[in-house]
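In what follows, a single structure is set out as structure tokens and then discussed.
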């Protein structure tokens, strides 16, 4: 019977441990927290969006030509749902996102912990692994002045996002100890900072908008959803999505911009019709009253003020061009991005152990019997359950192969 060490009891680690044990291995999991799945409990605002009905490689970011796309494509949503159904977790779908039927992240975490107990998997909590070495065919885990020997090791330590949950990048040190290369890491699925003036005036405003990321004047990504305006910059699900394309670039000092269409449902032609009718109906009214029905009142005042126009100005037909320019500006308002809110606020890490040093079974090409899973590899994805899908699929693949 093979003896396998899994470092980390997060989503990928637990999936790897369960799969390895089901394939006949004796498994020991080492976890630095006092509970398993600490970060998992936070996902989906505590509801755990664990995968998505629309899983395909284009939703993920990884090295071109790597094996990651085959792992993603070959382990379907149905496979992942079946994996959890075997543990008694039923799923429900909402807008393409899959959640446990209970709507609680605890359900998935508790089911996985219970399954590990049933499989006889030993979990050692409150331990930080200082070193892992290899002597001939066996790995040696150094723990509290003790040496424990294993036939294989699966590193599933997470990345650097949400360090309070234990993901502080220590797994990268273990990987480097075996000669692996770790690319520079960046926080993604994170709020973005802007140096736009007077942001306090619109802090707290929420609105549905189209948002686009521009790097050096080139559009690199776009999304639609509820945008949150804050005193430091931008937040909300669509901004988290854009952060995958802007956090690294902002750190590098490139020109990063988020362009916002605050009225995505209204085209330019309809705006012009709206303008002509309002000019007839509200001739002589103040400009701020003229546009009050289009966007949040705080946002309307902000855009008027930042455009250098007086909101108290009485509107006349002669002002049509000025007003039209103001309305079109609302469909392409630009926020210059200076950075992000850091790993402590991020959901995911971009970067990690290079995939070209790992084979299609999640095994190291440098050290036989060393495997990787989850966020510590150089793979990241959109919001919507995609990052957890990678954790499950890579963990299952690593556990299955390590047990052979």
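Taken together, the values in this text are just the output of simple stated rules run on the coordinates, not laboratory data. All values derive from a computational prediction rather than experimental measurement. Here the Cβ positions follow ideal geometry from the backbone for every residue, glycine too, while neighbour counts run over all protein chains shown.
Here are the numbers:
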quantity: Normalised contact order of the chain, rounded percent, pairs of Cα under 8 Å and 6 or more residues apart; calculated: 25 percent
quantity: By average C-beta atoms within 10 angstrom, highest first, the peptides 268-281, 80-93; calculated: 80-93, 268-281
quantity: Global geometry of region 1-107, whether rounded, prolate or oblate, following the gyration tensor of its Cα atoms and the 1.5 cut on a/c; calculated: oblate
quantity: Rounded tilt (10° steps) of 320-329 against the dominant C-alpha axis of the chain; calculated: 10 degrees
quantity: Separation of alpha-carbon centers, region 167-191 and region 327-404, rounded to whole Å; calculated: 10 Å
quantity: Gaussian network model of the chain, Cα within-10 Å springs - most flexible of 230, 102, 165; calculated: 102
quantity: Read-out P(r) over Cα pairs in 20 Å bins from 0, in percent, derived from the coordinates shown; its label in [x] 27, 61, 12, 0; [y] 22, 44, 21, 9, 3, 0; [z] 26, 46, 21, 6, 0; calculated: [z]
quantity: Between region 118-161 and region 7-31, the Cα center-to-center distance that results, in Å; calculated: 11 Å
quantity: Euclidean distance of C-alpha centroids, region 266-291 and region 202-237, integer Å; calculated: 26 Å
quantity: Computed [θ] at 222 nm, helices only, for the chain once each DSSP H run of length n ≥ 4 contributes -39500 (n - 2.57); calculated: -9000 deg cm²/dmol
quantity: Degrees separating the helix 297-306 axis from the principal Cα axis of the chain, which is the longest one; calculated: 70 degrees
quantity: Cα long-axis angle, helix 105-118 against the chain (0 to 90 degrees, to the nearest 10); calculated: 10 degrees
quantity: Choice from 158, 225, 65 with maximal GNM fluctuation in the chain (Cα, 10 Å cutoff); calculated: 65
quantity: Cα-projected label distance for residue 365 with residue 135, points at 7 Å along beta-carbon direction, nm; calculated: 3.1 nm
quantity: Cα gyration tensor, region 121-244 - rounded (a/c under 1.5), prolate or oblate; calculated: prolate
quantity: Region 297-394 shape via C-alpha gyration tensor axes, a/c threshold 1.5; calculated: prolate
quantity: Residue with peak Gaussian network fluctuation, the chain [Cα springs, cutoff 10 Å], from 373, 20, 259; calculated: 259
quantity: Rh by Kirkwood over Cα pairs, then Stokes-Einstein D for region 191-341 at 0.692 mPa s and 37 °C, µm²/s; calculated: 205 µm²/s
quantity: Region 1-149, relative contact order [Cα under 8 Å, separation at least 6], %; calculated: 27 percent
